[in-house]
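One structure below.
The values are calculated or read from the model by the stated rules, or taken from the named source; none is laboratory data. Quick caveat: nothing in here was measured; it's all calculated off a predicted structure. Cβ placement follows ideal geometry from the backbone for every residue including glycine, while neighbour counts extend to all protein chains displayed. When the accessible area is computed, the model is the full protein with side chains, heavy atoms only, and any ligands, DNA or RNA have been set aside. Shrake-Rupley method; radii C 1.70, N 1.55, O 1.52, S 1.80 Å.
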Amino acid sequence: EAGVTQSPRYAVLQEGQAVSFWCDPISGHDTLYWYQQPRDQGPQLLVYFRDEAVIDNSQLPSDRFSAVRPKGTNSTLKIQSAKQGDTATYLCASSFGQINSGNTLYFGEGSRLIVV
Amino acid sequence: GDSVTQTEGLVTLTKGLPVMLNCTYQTTYSPFLFWYVQHLNEAPKLLLKSSTDNKRTEHQGFYATLHKSSSSFHLQKSSVQLSDSALYFCALSERASGSWQLIFGSGTQLTVMP
C-alpha cells in the first residue's frame, strides 16, 4: 500500500516569494491534515479536511496561507509572500475516520521550506 | 485548552540501558494518547496508542501505560538500541472547533551511543 506522498521535498525561497506544496494521501482516507513543524518542535496543526470540506482552519495564517482539497483526494497548501518565520517542515497526514476513535494518522515525509 | 507536555528535550544514553520519556497531558475529555517516532529525514510513525486506564500497551520493545489519575503516558524501553535514536512525540486527541484533532508535545530527541 502506498503511503502519503508529498512534493517537493525541499524548497528554498527568498522573502516575498510564493510556494505550493502538494499531498497525495493514502487511497480511501477521507481525512487529510496539514501540519507545520518548526525545527526541534512538535507538529502544529494548520488545517484539516474531511473529503473536500474544511473542518478546521483556525490555525492557518489566512492572509498568506491557503489550502484546498477540491475533489476530496489530493491537496495543495500554498504560501504567498513567504517570511523567514515560515521556515519549517510542512507535513501532510491522512486518516480514515476521526482520530478520537484511535484511528492512526499516517504522515508523509514532509516538505522542508527554508526562507532566506 | 488541552495540552501535552514533554519535559525532556534531549536524552542521551548508552546502548543497552533503560529509558523513560515523560509525557503528561491536560484535557477535559476522555483521553486518547499516542506516541509517534520520527527518524531523521523520515515521516513520523505511530509507535503506541491507548485510551484504557492502567493497561500497558507494547510495540517493538517499547511500552507505555495510560494513568488517568496522574494524567501521564510515559514511554519506556528496557534496553535501548542504536536504531532507537530518533525524535519521539507524545500526542493527544483533542476536541476543538467541534471536531477532533491531534495535538503534539514538543518532542524528545533520543540519542543512543555505542
Please determine, by comparing only the residues of segment B:20-38 that are out of contact with any strand residue (DSSP E or B) (no Cβ under 7 Å at 6 or more places or on another chain) and open to solvent by 70 Å² or more (accessible area, probe 1.4 Å), which one is farthest from B:T65 (Cα to Cα).
-> B:T28
All conditions in (1) modelled with pLDDT of 95 or more; (2) among the small types (G, A, S); (3) open to solvent by 20 Å² or more (accessible area, probe 1.4 Å) are true of B:S72 except (3)
From B:G1, B:G16, B:G9, which residue is open to solvent by 30 Å² or more (accessible area, probe 1.4 Å), in contact (Cβ under 8 Å) with a residue 12 or more places away in the chain and within 19 Å of B:Q60 (Cα to Cα)?
-> B:G16
If we ask which residues in segment A:8-39 are closer than 11 Å to A:S111 by Cβ and aliphatic (A, V, I, L, M), their number turns out to be 2
A:T76 vs. criteria within 19 Å of B:Y88 (Cβ to Cβ), open to solvent by 10 Å² or more (accessible area, probe 1.4 Å) and assigned to a strand (DSSP E or B) = no
Hits in segment B:86-114 - residues which are hydroxyl-bearing (S, T, Y), more than 15 Å from B:P44 (Cβ to Cβ) and under 17 Å from the mean Cα position of the chain (by Cα) = B:S93, B:T111
Failed condition for A:A67, given (1) touching a Leu at 6+ places or on another chain (Cβ under 8 Å); (2) open to solvent by less than 70 Å² (accessible area, probe 1.4 Å); (3) free of Cβ contacts under 8 Å to residues at least 24 places away in the same chain | (3)
Residues (open to solvent by less than 80 Å² (accessible area, probe 1.4 Å) and touching an Asp or Glu at 6+ places or on another chain (Cβ under 8 Å)) located in segment A:82-92 | A:A82
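Condition check ((1) surrounded by 14 or more Cβ atoms within 10 Å (Cβ to Cβ); (2) in contact with a helix residue (DSSP H, G or I) (Cβ under 8 Å, 6 or more places away or on another chain)) across all residues:
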{"residue": "A:V4", "(1), (2)": "yes, no"}
{"residue": "A:E15", "(1), (2)": "no, yes"}
{"residue": "A:D24", "(1), (2)": "yes, no"}
{"residue": "A:G28", "(1), (2)": "no, no"}
{"residue": "A:R39", "(1), (2)": "no, no"}
{"residue": "A:D51", "(1), (2)": "no, no"}
{"residue": "A:D56", "(1), (2)": "yes, no"}
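Each row is one residue, and each column tells you yes or no for (1) exposed (fewer than 13 other Cβ atoms within 10 Å of the Cβ); (2) away from chain A (no Cβ under 14 Å); (3) among the hydrophobic types (A, V, I, L, M, F, W, C); (4) assigned to a strand (DSSP E or B).
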{"site": "B:L40", "(1), (2), (3), (4)": "yes, no, yes, no"}
{"site": "B:T65", "(1), (2), (3), (4)": "no, yes, no, yes"}
{"site": "B:V80", "(1), (2), (3), (4)": "no, yes, yes, no"}
{"site": "B:L87", "(1), (2), (3), (4)": "no, no, yes, yes"}
Any chance segment A:27-36 includes a residue that's in a loop (DSSP other than H, G, I, E, B), farther than 19 Å from B:S99 by Cβ, more than 10 Å from chain B (Cβ to nearest Cβ) and modelled with pLDDT of 95 or more?
-> no
In segment B:1-32, the residues that are facing chain A (nearest Cβ under 10 Å) and either of a type in the set (A, V, I, L, M, F, W, C) or part of a strand (DSSP E or B) (or both) = B:V4, B:L10, B:F32
Answer yes or no: is there a residue in segment A:48-58 that is at pLDDT 90 or above, touching a Lys or Arg at 6+ places or on another chain (Cβ under 7 Å) and assigned to a loop (DSSP other than H, G, I, E, B).
-> yes
Unique match (being acidic (D, E) and within 14 Å of the chain's Cα centre (by Cα)) among A:D56, A:D51, A:D63 = A:D56
